[in-house]
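One structure is given below, encoded as structure tokens.
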Amino acid sequence: TRLQLAQIANWNLGAAPVKPFTVFEKSVTELQEAMNSGALTAQDITRQYLARLSLYDRSGPAFRAVLAINPRALADARARDAERASATPRGPFHGVPIVLKDNIDTIELPTTGGSLALVDHRPRIDSKVAAGMKRGGAIILGKANLDEFPFGDFGISTVGGTVGNAYDPSLSTAGSSGGTATAVAASLAALGFGTDTCNSLSNPSAFASLATIRVTRGLTSRAGVMPLNTYNDSVGPMARSVRDVALALDLVTGTDPEDPVTVDAGARIAGSFAAGLDSASLKGRRIGAFRQRFVGFT
């Protein structure tokens, strides 16, 4: 790639200088703009995330946020680059690396639920969420650590150990989608998906200063997702901004024949979530604030 040629120090191949770029704290939109400009490729971006995983996830601060890395990540990035060169990008996630909580199926990697008992459990087909993101051009970078099966609020599994908070690895990241939260907040991936039965998206996102949404049950499909409570489970994205969350929702919401609770989803979606942000306003809305103190130190 242009970036790789520009980084060769011991001889000159005539490559034009490339402006320094880091994936650190970049939004999905910023990554896409960098690729659209031609300065960077999906390969370059994927390599940076893989380097950060090597430096910080099992080494350095040892976040333990990602359980497994997709061995085809760079090959998938090259395929996205070739597609970009010959056609129009599929959308805002084309060539953008993401992670999935390890109770969400994707054929590249096992779905363990964080349990050693399932380290060899390989799904035969993608979950609806993974399939939607792939259709949009996203690269599955890896599977995120979680509370085992996925039950808990401290980010602990027998496969990956305890997830560290992105701002202080010695502190809790909450759960059960804690690995996804830390991976995104520490710039180990651009965006991630978690699941929520009761606060498993909102708590880790709050602990990691991220945006998320716990969508109404039935707006996103649970097909290919290891359940905790099928009466209340919901799948949702976690990202640096509300816009990134909305861009992901545009790819993964809708009716799925494999999940009967989504039967009315199509009728409840009007246009694009991301486009709707442009005209969104709090004017005329009422905002409630808790005045009562919570009991106890915590």
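The values are calculated or read from the model by the stated rules, or taken from the named source; none is laboratory data. These numbers were taken from a predicted model, which means no experiment stands behind them. Neighbour counts are summed over all protein chains in view; Cβ atoms, including those assigned to glycine, are modelled from backbone coordinates with ideal geometry. The protein model used for the area step is the full one, side chains on, heavy atoms only, and it has no ligands, DNA or RNA in it. Shrake-Rupley method; radii C 1.70, N 1.55, O 1.52, S 1.80 Å.
Taking only Cα atoms and a 10 Å spring cutoff, compute GNM fluctuations for the chain and point out the largest among Asn165, Asn145, Asn70.
Maximum fluctuation in the GNM of the chain, among the listed residues, is at Asn70.
Given a 1.4 Å probe and every protein chain left where it sits, what share in percent of the accessible area of the stretch 82-199 is carbon and sulfur?
Numbers: 2350 of 3920 Å².
Here it works out to 60 percent.
Here are several values of mean projected area of the Cα convex hull in nm²: (i) 15.3; (ii) 18.4; (iii) 21.4. Which one was derived from the coordinates shown?
Computed from these coordinates, mean projected area of the Cα convex hull in nm² corresponds to label (ii).
As an exercise, use a Förster radius of 30 Å and the Cβ-Cβ distance of Thr22 and Ala62 to find the FRET efficiency, rounded to the nearest 0.05.
Values: r = 21 Å, r/R0 = 0.71.
Plugging the Cβ-Cβ distance into 1/(1 + (r/R0)^6) gives 0.90.
Mind checking which of His121, Asn36, Val96 is farthest towards the positive end of the stretch 21-127's charge dipole, using Cβ charges of +1 (Lys, Arg) and -1 (Asp, Glu) about the Cα centre?
Sorting the options by dipole projection puts first His121.
For the residue pair Ser170 and Gln292, what label-to-label distance in nm results when each label sits 7 Å from Cα along the Cα-to-beta-carbon direction?
3.6 nm
Mind giving me the FRET efficiency for Ile125 and Ala51? R0 is 41 Å, r the Cβ-Cβ distance, nearest 0.05 is fine.
Working: r = 31 Å, r/R0 = 0.76.
Efficiency for this residue pair is about 0.85.
Which residue, Arg286, Arg268, Arg122, tops the fluctuation ranking in a GNM of the chain built on C-alpha contacts under 10 Å?
Of Arg286, Arg268, Arg122, the Gaussian network model singles out Arg286 as fluctuating most.
I'd like to check one number: the per residue accessible area of the chain, probe 1.4 Å, reported in Å² as a whole number. Show your work: numbers first, answer last.
On the way: 14780 Å² over 298 residues.
Counting only protein heavy atoms, the per-residue value for the chain is 50 Å².
Along the Cα→Cβ direction, 7 angstrom out, place labels at Thr29 and Leu116. What is the inter-label distance in nm?
For Thr29 paired with Leu116, the spin-label model returns 4.6 nm.
Taking the Cα centroid of the stretch 195-225 and of the stretch 109-161, what is the distance between the two, rounded to the nearest whole Å?
Centre-to-centre distance over Cα atoms comes out at 15 Å.
By the gyration tensor of its Cα atoms, with a ≥ b ≥ c the square roots of the eigenvalues, what is the shape of the stretch 1-68: rounded for a/c under 1.5, prolate for a/b over b/c, or oblate? Working shown, then result.
On the way: a/c = 2.94, a/b = 1.56, b/c = 1.89.
It is oblate, given that a/c is not under 1.5 and a/b is not larger than b/c.
For a label point 7 angstrom out from the Cα of Thr158 toward its Cβ, which stretches of the stretch 96-129 have the backbone nitrogen within less than 14 Å?
Those under the cut-off are 112-121.
Hey, if you put +1 on the Cβ of every Lys and Arg and -1 on every Asp and Glu Cβ in the chain, which of Ile287, Leu210, Phe24 ends up farthest toward the positive end of that dipole?
Of the candidates, Ile287 comes out farthest on the positive side.
May I ask you to order 225-234, 198-207 by the average number of other C-beta atoms within 10 Å around their residues, highest value first? If you can, show how the numbers build up before the last one.
Numbers: 225-234: 16.7, 198-207: 22.7.
So the peptides 225-234, 198-207, ranked by packing, come out 198-207, 225-234.
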